[in-house]
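Note sheet for the following structure.
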Amino acid sequence: MNKIFVLLLAGCFVATASDAADSTNAVKQFMQQVQQAYRSANFLSFHVLYRYANKNQPDNYIDTMSGDVAMNRNHVRFLLEDVETVTNDQYTIQVHKGEKLIYLTTPTQSQLADPVAALDSALGNFEGLRTRVTRTGGVATLNMAFPPGQAYKNVTMTINEQTGYLQKVVYDMYTEGLVDKDQMVDGGNGGPYQPEGRVEIVFSQYCQGQFTEELFSGSPYFTRLGQGKYQPTEKYKDYQIFLASPKL
């Protein structure tokens, strides 16, 4: 289930298409508000909590995970349990503490994705997708109901209208194919996951100015000795560095 949590966080900032022009415009405005909020914030940090429950027991969370995000423009540091990911203009650095591995690559365009552009490119790809944006009590909510045959049944995003920051994202989804078969209720081993479930991502503890640009530097993790040659720092001397890009 951990891989689902990571993928869903990445998807929080990418909207998809609607089947009605008016609704599409409302979705675009919603996503533009979110995009502008995160892009304009200086040295923003916040906490994320992931929790999963089966459809028929929505208050019984059988899987949880929490992490912390720090960002400034396109620079991001994401700490999720024993995996730390840092993206700056030169590198994306993934530190896997359990495996003692530093995975190093160049940042890709998808990591710096524009959610509004992603929305435009997705127009027409989901026939029958229904979207709705509502605003009440200082909270804006985007609801997307997917047609049959998709991995998601419904996705709901809520934001604080004053700040534009995400408060919660809820995915009603089909779990088959996302977890191992032996983890399913009917998988032969009496696993905990049912065919339909819900993942909630809760955002909290927003604050600004609690760190500097140094947080996104590669210097705490490695020293570049030359083209394609990197050495871990003293703190990570027992780690192996894996280069995933020939341009490094």
The one condition in (1) open to solvent by less than 50 Å² (accessible area, probe 1.4 Å); (2) in a loop (DSSP other than H, G, I, E, B); (3) farther than 29 Å from Arg39 by Cβ that Asp238 fails to fulfil: (1)
Verdict on Arg224 being within 18 Å of Asn54 (Cβ to Cβ), in a strand (DSSP E or B) and open to solvent by 40 Å² or more (accessible area, probe 1.4 Å): no
Matching residues in the range 47-64 - criterion: being hydrophobic (A, V, I, L, M, F, W, C) and surrounded by fewer than 18 Cβ atoms within 10 Å (Cβ to Cβ): Leu49, Ile62
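Being among the β-branched types (Val, Ile, Thr) and open to solvent by 50 Å² or more (accessible area, probe 1.4 Å) is the filter; apply it to the range 135-178 and report the residue that is nearest to Gln29 (Cα to Cα). Give the derivation first.
Keep residues of the range 135-178 that are among the β-branched types (Val, Ile, Thr), which gives 136, 139, 141, 155-156, 158-159, 163, 169-170, 175.
Retained after the next criterion (residues that are open to solvent by 50 Å² or more (accessible area, probe 1.4 Å)): 136, 163.
Details: Thr136: 16, Thr163: 14 Å.
Among residues in the range 135-178 that are among the β-branched types (Val, Ile, Thr) and open to solvent by 50 Å² or more (accessible area, probe 1.4 Å), the one nearest to Gln29 (Cα to Cα) is Thr163.
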Pairs with Cβ under 6 Å, 6+ apart, first in the range 31-53 and touching a residue at least 40 places away in the same chain (Cβ under 8 Å), second of a type in the set (D, E, K, R): His47/Asp68; Arg51/Glu200; Tyr52/Asp63; Ala53/Arg198
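The values are calculated or read from the model by the stated rules, or taken from the named source; none is laboratory data. Everything quoted here is computed from the prediction, not taken from an experiment. Please note: Cβ atoms are built from the backbone with ideal geometry, for glycine as well, and neighbour counts cover all protein chains shown. Protein only, heavy atoms only, side chains kept; ligands, DNA and RNA dropped before computing areas. Shrake-Rupley method; radii C 1.70, N 1.55, O 1.52, S 1.80 Å.
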